[in-house]
Amino acid sequence: MSYLTTILAEQYRLVVTAVVLLLFPIIFKYSQRVLERVTQGKIDAHRQLRAELLLKIITAIVLICLLLVFWGIELRGLLVLGSSLFAMLGVALFAGWSLLSNLTSFLLMFIQNYCRVGHWVRIVEGANYIEGCIIEMGLMNVVLKNVDGHRVIYPNNLFVTRPVLVLCEEPSKPKAQTPKRVLGPKK
């Protein structure tokens, strides 16, 4: 018995790490149940899977940070890492040319939950607009299908920053314009 206690005393960091790794699935299952109670019937299955993935990533990051602090990594190192991530998040939120802005915009769209797959929307860009039914909301872009059946791939960062009207019903097809008659001699 004393041999076991000496091993535990010497290798307590490994034991705590093993316990945290064994507790990760339990912590994730509990947080997943809380997420299901909060979002019950409010979001579709596709968004539910993405929320669970995001929850798993956040849980893993928190546990890894706790283990790093437990293993003796200085807090200054984590502060440098945190400030670097904060700067990267600033670029992701405010730089329209950044690919990170599309990912951040996806998270914003995921949280706000006004536009869902199957909704008809009109994206207004000045005097022009794009109408379509949302058929996919990916990490980088939103895929719309317009009344003519064409697919429009629209970047997430533009989808978030432009005015978006959620339409109550499918818009009608625009009438074909009759060609104007030109007066003068025929060619």
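The numbers here are math on the coordinates, done by the rules we state, and not lab data. Please read all numbers here as calculations on a predicted model, not as lab measurements. Neighbour counts are summed over all protein chains in view; Cβ atoms, including those assigned to glycine, are modelled from backbone coordinates with ideal geometry.
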Next on the checklist: Using a Förster radius of 22 Å, what is the FRET efficiency between Val166 and Ala87 based on their Cβ-Cβ separation? Nearest 0.05, please.
Outcome noted: 0.05
Checklist outcome for this item: Candidates for semi-axes √(5λ) of the Cα gyration tensor in Å are (i) 53, 20, 11; (ii) 59, 20, 11; (iii) 31, 21, 17, and the calculated one carries label (i)
Checklist entry - Which value, in Å to one decimal place, does the Kirkwood hydrodynamic radius take for segment 1-76 when every pair of different Cα atoms is included? => result 14.7 Å
Checklist entry - Taking the Cα centre of each part, how many Å lie between segment 1-38 and segment 127-153? => result 46 Å
Item to check | Where trypsin sites (Lys or Arg not before Pro) fall in DSSP loop in segment 22-63, at most 14 other Cβ within 10 Å | outcome: Lys42
Checklist outcome for this item: With DSSP loop assignment and no more than 10 other C-beta atoms within 10 Å, the GluC sites (Glu not before Pro) in segment 10-87 are Glu74
